[in-house]
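Below you'll find the structure, written out as structure tokens, and then a few comments.
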Amino acid sequence: MATRGFFGLRRPEPPREIPPGQYFETGFPTLTAGPTPRVDTDTWSFSITRAKSPLATWTWDQMMELPQEKITVDLHCVTKWSKLDSEWKGISFDTLLEAVGEVTEEYVMIGSYGGYTTNLPLDDVTDGKAWLAFEFEGEPLERNHGGPARFLVPHLYLWKSAKWVNSIELMDQDAPGFWEASGYHMRGDPWREERYWGD
Amino acid sequence: MQHRVLWQKAIVEEIIDETPRTKSFRLRIDDRPPFRSGQHYDVRLTAPDGYQAQRSYSIASAPESEGVIDLTIEIIESGEVSPFFHQVVKVGDEIKMRGPIGGPFTWTSDTGGPLLLLAGGSGVVPLMSMLRHRSAAGSSVRTALIYSARTTVDVIYRDELGNFESEDTEVRSTITLTREDDAGWTGERGRVSTRLIDDALAFLKTTNAKVFVCGPDGFVEAAAELALAAGVPFQSIKTERFGPSGT
Ligand SMILES: Cc1cc2nc3c(=O)[nH]c(=O)nc-3n(C[C@H](O)[C@H](O)[C@H](O)COP(=O)(O)OP(=O)(O)OC[C@H]3O[C@@H](n4cnc5c(N)ncnc54)[C@H](O)[C@@H]3O)c2cc1C
């Protein structure tokens with residue numbers, strides 16, 4: 001039923017359809033549950049782990065030697081804004097997984113400097129769906145947007161794209177991360193409007 | 001533990017003019033679920049042709065107030081939803097809402113303190129819920145609020161904040177004005193600073209306070225940095241960002 005007297009500004013009009021309940025944003029708002037961590041590329045390290053022990057670890061310099069990709073993607077934040085055609089440079093998660101051999105687990109938990117975590121099915125981060133991203137619009141990724149490097153899983157709500165990422169734990173069973181433990185959806189598909197538990 | 005967050009209908013019971021730029025809306029919700037101070041609701045407006053807009057608004061009232069929640073909404077003139085609330089919504093209207101939403105940015109009296117609350121502009125809203133809850137629950141947790149507003153008339157809940165302070169020696173409320181020209185203002189001026197944070201932590205007698213920072217993006221970034229630099233542990237600082245712009 002319509003809300004009395006509401007017609008909507010509908011501006012700016014998005015150039016194509018965006019997920020339900022979202023509005024088209026041309027800026028790049030930030031969302032973080034705490035202060036912005038300071039992460040130095042000199043001491044930065046990134047690991048893929050199983051039962052919390054590293055299967056592969058990269059320093060910043062080692063990471064930068066891996067093949068990089070330029071990608072243009074849409075971002076959808078659960079706080080309702082969608083940003084279209086944002087340009088990133090990063091390393092495909094498929095490339096990183098090649099370093100660990102056979103993976104039988106079906107879920108991952110992404111971990112970050114500062115303690116943030118978020119869980120994902122492995123299927124949502126493989127086959128060209130997720131990146132370790134470190135450049136935004138041609139510039140090194142700013143600290144408040146997750147620099148030096150963040151995870152990028154653009155087909156899911158943006159809280160899944162953990163900022164200041166430093167680890168990926170392979171898990172046999174799904175478990176809730178930071179937001180997922182307090183009411184946010186375990187998967188977070190914006191096109192199905194999976195914002196909260198039970199959506 | 002998992003429960004669905006369903007859309008419910010809320011009836012506007014009262015509209016309170018807080019400041020020239022903010023109004024509070026008291027909404028009655030059938031079987032209003034319990035909430036924790038710091039949580040928010042999503043509102044959903046629907047146009048006759050089905051077009052919808054959703055936004056998030058923090059709960060301003062205490063969890064103790066039964067059957068209702070209060071939202072305090074600042075008008076963003078160029079916006080879609082906040083001008084609708086300010087200019088169109090009337091007592092008796094029905095609004096679709098769902099909540100409560102949000103986990104880390106919450107406080108209940110049994111989790112203790114001391115509390116350091118840092119507010120920029122309308123970011124005071126969820127912190128006000130915490131203060132109201134603290135008072136309603138009879139908590140004696142030592143609490144310092146630093147609230148940055150533009151000018152005297154922009155200070156939301158000014159009388160109530162004054163009362164919390166005068167009625168309870170465990171509460172300290174510091175308002176700092178960033179754009180006040182009136183020489184009559186004898187309180188603090190300028191942005192939240194190291195000195196203001198150090199003073200508040202001295203009142204709390206510890207740097208190990210539970211810190212809640214809320215407001216526009218730039219305010220939250222700056223205030224959280226200052227709290228970190230003052231010695232508050234990283235994990236003790238929780239933030240909520242309302243969007244762009246600033247005070
Ligand atoms: C968790 C959460 C809790 C919130 N709680 C409150 C609350 O208690 N009270 C409250 O007043 N607001 C609150 N907000 C902000 C609110 O959700 C809306 O963003 C705000 O009311 C603007 O919506 P609008 O439709 O009027 O403007 P829009 O149509 O969304 O925006 C118009 C223009 O204003 C800019 N804009 C968007 N938001 C803001 C902002 N907050 N300040 C300045 N410019 C902005 C946009 O970038 C855009 O250019 C909260 C936001 C979040 C995420």
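The values are calculated or read from the model by the stated rules, or taken from the named source; none is laboratory data. Predicted model, so just to flag it, every value in this text is computed and none were measured. We place every Cβ from the backbone using ideal geometry, glycine too, and count neighbours over all the protein chains shown. Note: accessible area is taken over every heavy atom of the protein model, side chains too, but ligands, DNA and RNA are not part of it. Shrake-Rupley method; radii C 1.70, N 1.55, O 1.52, S 1.80 Å.
Rolling a 1.4 Å probe across all protein chains gives B:Ser135 an accessible area of roughly 60 Å². Given R0 = 30 Å, the distance between the Cβ atoms of B:Ala47 and A:Met186 translates into a calculated FRET efficiency of 0.40.
Of all DSSP beta bridges confined to the protein assembly as shown, the antiparallel ones make up roughly 70%. Here the simple spin-label model places points 7 Å from the Cα toward Cβ, and for A:Lys52 and A:Leu66 these points are separated by 2.4 nm. Residues of segment A:11-46 falling in the label zone of A:Thr59, defined by backbone nitrogen less than 18 Å from a point 7 Å along Cα to beta-carbon, are A:39-46.
Per residue of B:216-222, other chain Cβ atoms within 10 Å of the residue Cβ number 3 on average. Per residue of peptide A:179-189, the mean number of Cβ atoms on other chains within 10 Å of the residue Cβ is 3.
For the protein assembly as shown, the mean residue ellipticity at 222 nm estimated from helices alone is -4000 deg cm²/dmol, where every DSSP H run of n ≥ 4 contributes -39500 (n - 2.57) and the total is divided by all residues, rounded to the nearest 500. State whether chain B is rounded, prolate or oblate according to the following rule on the C-alpha gyration tensor (a ≥ b ≥ c being the square roots of its eigenvalues): a/c under 1.5 gives rounded; otherwise a/b larger than b/c gives prolate, and the remaining case gives oblate. In terms of gyration-tensor shape, prolate. Counting only protein chain heavy atoms and rolling a 1.4 Å probe, the accessible areas of B:Phe219, B:Phe242 rank, largest first, as B:Phe242, B:Phe219. Give me the inter-chain shielding for A:19-28: mean count of other chain Cβ atoms within 10 Å, whole number please. Mean inter-chain Cβ contacts per residue within 10 Å come to 2.
Nearest-5 percent of antiparallel DSSP beta bridges in chain B? Let's see the in-between values first.
Details: 32 of 57 bridges.
Bridges in chain B are about 55 percent antiparallel.
Taking label points 7 Å from Cα along the Cα-to-Cβ direction, A:Glu17 and A:Asp42 give a separation of 5.2 nm.
Placing a label point 7 Å from the Cα of B:Glu64 along the Cα-to-Cβ direction, the residues of segment B:139-159 whose backbone N falls under 13 Å from that point are B:139-141. With all protein chains present, how much of the accessible area of segment B:84-125 (probe radius 1.4 Å) comes from carbon and sulfur, to the nearest whole percent? Roughly 49 percent, rounded to a whole number.
Nearest 0.05, what FRET efficiency do A:His155 and B:Ser193 give at R0 = 51 Å with Cβ-Cβ as r?
After rounding to 0.05, the efficiency reads 0.75.
For a paramagnetic label modelled on B:Thr108 (point 7 Å from Cα along Cα→Cβ), amide N atoms under 11 Å away belong, within segment B:19-61, to B:34-37.
Pairs over the 22 Å Cα-Cα cut-off, from the set A:Lys80/B:Lys96; A:Lys80/B:Lys9; A:Lys80/A:Lys163; B:Lys96/B:Lys238; A:Lys80/B:Lys210: B:Lys96/B:Lys238; A:Lys80/B:Lys210. Computed on segment A:31-158, with alpha-carbon pairs under 8 angstrom and 6+ residues apart, the relative contact order is 24 percent.
Please label the shape of segment B:164-231 as rounded, prolate or oblate, based on the square roots a ≥ b ≥ c of the eigenvalues of the alpha-carbon gyration tensor (a/c under 1.5 means rounded; beyond that, a/b larger than b/c means prolate, else oblate). Provide the component values of the computation, followed by the final result.
On the way: a/c = 1.89, a/b = 1.13, b/c = 1.68.
Note, shape of segment B:164-231 comes out oblate.
Reducing segment A:20-54 and segment B:171-247 to their Cα centroids gives an inter-centroid distance of 24 Å. Legend: translational diffusion of segment B:109-241 by Stokes-Einstein, Rh = Kirkwood radius over C-alpha pairs, 4 °C, 1.567 mPa s; D = 89 µm²/s. Peptide packing for A:60-73, A:83-96 was compared via the average number of neighbouring C-beta atoms within 10 Å per residue; ordered from the highest value, the list is A:83-96, A:60-73.
Considering only beta bridges that DSSP places wholly inside segment B:109-241, some 0 percent are antiparallel. For A:Glu25, the solvent-accessible surface computed with a 1.4 Å probe is close to 40 Å², ligands and nucleic acids excluded. Remark: the Cα gyration tensor places segment A:91-182 in the oblate category, a/c being 1.5 or greater and a/b not exceeding b/c.
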